[in-house]
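Enquirer: Could you have a look at this structure, given as structure tokens, before my questions?
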Amino acid sequence: MKKMTVFYIFAALFFIVGAAFHVLPSEGPKVTLYSDIIAVIAAALPVIAFFYVFSYFEKGSKKVILLTFTVGLFLWLLGEVMWLYYEGLMEIDAFPSAADFFWVLGYPTVLAALILQYRTVKVRLETLYVVGISAVILIGGLVVGILLGYPIAVYEEFTVLEKVVSMFYPIADLFLLYTALLITGLYWAGKLGYAWLLIAVGIIFYAVGDLWFAYLEWKEIYPVVWWHPVDFAWIIGDLLVFLGAVKYRISFEELV
């Protein structure tokens, strides 16, 4: 059995078990607690995987980039831990809270790692690819702004902080996705292309989850349910980034 097959099976089983803990128990605070614990474990997987990749390199720019990526993911993990504390243990509305401080701080860190990774590759992307990706991201941003950004901006029940935080995540996700797709294009012809594609698709699921959550908060749906399918979007995102990091390490081992 190939190395990656084991990790694919692990990720599938993790998702199935996690979904069961969401769906099978009767509604109640324990379901929320289970959901938040699973989210913390899922968020820990990419951190562990990127540290696993980081440990492969002895020195150089790649080690710095991977460390930066790991730190950013660790900040997101701290955000999940804080969310678990507020929502799962204290049973209070966790948005916005200290959890958002760590999540927001993690975005520029991860973006910095992606930009550094992009700049280390001395390959010129085809203009058509760059224009195409740019157009998709721009159109996506406009759609999000019109359908969700403006309604949230004029929603009187939200504080200024809630409005800013609600829209920060989807916008920041677009920057991450744009850079990750550019990196995927750089590596696509080689062994690392698939690894970066997994990471990019994981970021897409992060963006879907963040957009969905912003909509649910705007409609005041999320705070009154024990769990919501939006949680699965983030879990899938974590699992894909985890698999991408593992694939990255295995691909490098095969190159030497």
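Enquirer: Sort out which residues of the range 21-41 are more than 20 Å from GLU80 (Cβ to Cβ) and in a helix (DSSP H, G or I), and write them in order of number.
Expert: Hit for the range 21-41 is VAL23, nothing else.
Enquirer: If the requirement is being part of a helix (DSSP H, G or I), surrounded by fewer than 18 Cβ atoms within 10 Å (Cβ to Cβ), in contact with a Gly (Cβ under 9 Å, 6 or more places away or on another chain) and of a type in the set (A, V, I, L, M), which of these qualifies: ILE133, ILE139, ILE171?
Expert: ILE171
Enquirer: Go through (1) over 25 Å from TRP83 (Cβ atoms); (2) β-branched (Val, Ile, Thr); (3) free of Cβ contacts under 8 Å to residues at least 12 places away in the same chain one by one and return the number of the condition VAL160 breaks.
Expert: (1)
Enquirer: Moving on. Pull out all pairs, ordered by first then second residue, where Cβ-Cβ is under 6 Å, the residues are six or more apart or on different chains, the first lies in the range 107-121 and is more than 15 Å from LEU182 (Cβ to Cβ), and the second is modelled with pLDDT of 90 or more.
Expert: Every condition considered, the pairs that remain are TYR107/ALA172; THR109/VAL71; THR109/GLY72.
Let's see how each residue does on (1) in contact with a Phe, Trp or Tyr (Cβ under 8 Å, 6 or more places away or on another chain); (2) buried (at least 18 other Cβ atoms within 10 Å of the Cβ):
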{"residue": "GLU157", "(1), (2)": "no, no"}
{"residue": "ALA189", "(1), (2)": "no, no"}
{"residue": "TRP196", "(1), (2)": "yes, yes"}
{"residue": "VAL201", "(1), (2)": "no, yes"}
{"residue": "ALA214", "(1), (2)": "yes, yes"}
{"residue": "HIS228", "(1), (2)": "yes, no"}
{"residue": "LEU239", "(1), (2)": "yes, yes"}
{"residue": "LEU243", "(1), (2)": "yes, yes"}
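Enquirer: Tell me, which residue of the range 94-130 that is more than 30 Å from SER35 (Cβ to Cβ), of a type outside the set (Val, Ile, Thr) and at pLDDT below 90 is surrounded by the fewest Cβ atoms within 10 Å (Cβ to Cβ)?
Expert: Of everything passing the filter in the range 94-130, LYS122 is surrounded by the fewest Cβ atoms within 10 Å (Cβ to Cβ).
Enquirer: Quick one: ARG124 ticks every box in (1) out of contact with any helix residue (DSSP H, G or I) (no Cβ under 8 Å at 6 or more places or on another chain); (2) under 17 Å from ASP210 (Cα atoms) bar one, so which box is it?
Expert: It is condition (2) that ARG124 fails.
Enquirer: From the list PHE69, PHE51, pick out the single residue that is part of a helix (DSSP H, G or I) and without any contact (Cβ under 8 Å) to a residue 24 or more places away in the chain.
Expert: Values: PHE69 fails: without any contact (Cβ under 8 Å) to a residue 24 or more places away in the chain.
When all the criteria are applied, what remains is PHE51.
Enquirer: Under 7 Å between Cβ atoms, which residue pairs at least 6 apart in sequence (or on different chains) link something in the range 171-184 that is within 18 Å of LEU142 (Cβ to Cβ) with a partner that is among the charged types (D, E, K, R) and at pLDDT 90 or above?
Expert: So the pair list comes out as ASP173/ASP210.
The values are calculated or read from the model by the stated rules, or taken from the named source; none is laboratory data. Source: prediction; values computed, not measured. Here the Cβ is made from the backbone with ideal geometry for all residues, glycine too, and neighbour counts use every protein chain on show.
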